Amino acid sequence: MRGTGVIFALVTIALILAITFFYLTKEREEKESRVITEAAESADSAARVVGNAAHDAANRLRQRN
């Protein structure tokens, strides 16, 4: 009887640790994905700004000539 209780307690602790590890890992992956997405959006925005500035500069040069 006593050995069964110890085994049950160890299995319960292992299960709790496994579930905790799963949720902590999942949360970190979601955070990393969000950071990567935000960085890509930032780079895209910067490229659009540079593209618009180049387009405007080209239009101004055409209007001068």
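Given the -39500 (n - 2.57) contribution per DSSP H run of 4+ residues, what per-residue ellipticity at 222 nm results for the chain, rounded to the nearest 500 deg cm²/dmol?
Numbers: 1 runs with 63 residues, N = 65.
Value at 222 nm, helices only, nearest 500: -36500 deg cm²/dmol.
Dipole orientation for the chain: of the candidates I13, T37, H55, H55 has the Cα lying most toward the positive pole (charges on Cβ; Lys, Arg +1; Asp, Glu -1). Excluding ligands, DNA and RNA, the accessible surface per residue across the chain is 96 Å² with a 1.4 Å probe.
If you take the Cα Rg of the chain and divide it by 2.2 N^0.38 Å, with N the number of residues, what do you get?
Working: Rg = 28.3 Å, N = 65, 2.2 N^0.38 = 10.7 Å.
That ratio works out to 2.63.
Counting protein heavy atoms only, the chain has 65 percent of its accessible area on carbon and sulfur, 1.4 angstrom probe. If R0 is 25 Å, the Cβ-Cβ spacing of A14 and V35 corresponds to a FRET efficiency of close to 0.20.
The values are calculated or read from the model by the stated rules, or taken from the named source; none is laboratory data. Model, not experiment: these values are computed from the prediction. Neighbour counts are summed over all protein chains in view; Cβ atoms, including those assigned to glycine, are modelled from backbone coordinates with ideal geometry. Accessible surface is based on the protein model in full, side chains and every heavy atom, while ligands, DNA and RNA are left aside. Shrake-Rupley method; radii C 1.70, N 1.55, O 1.52, S 1.80 Å.
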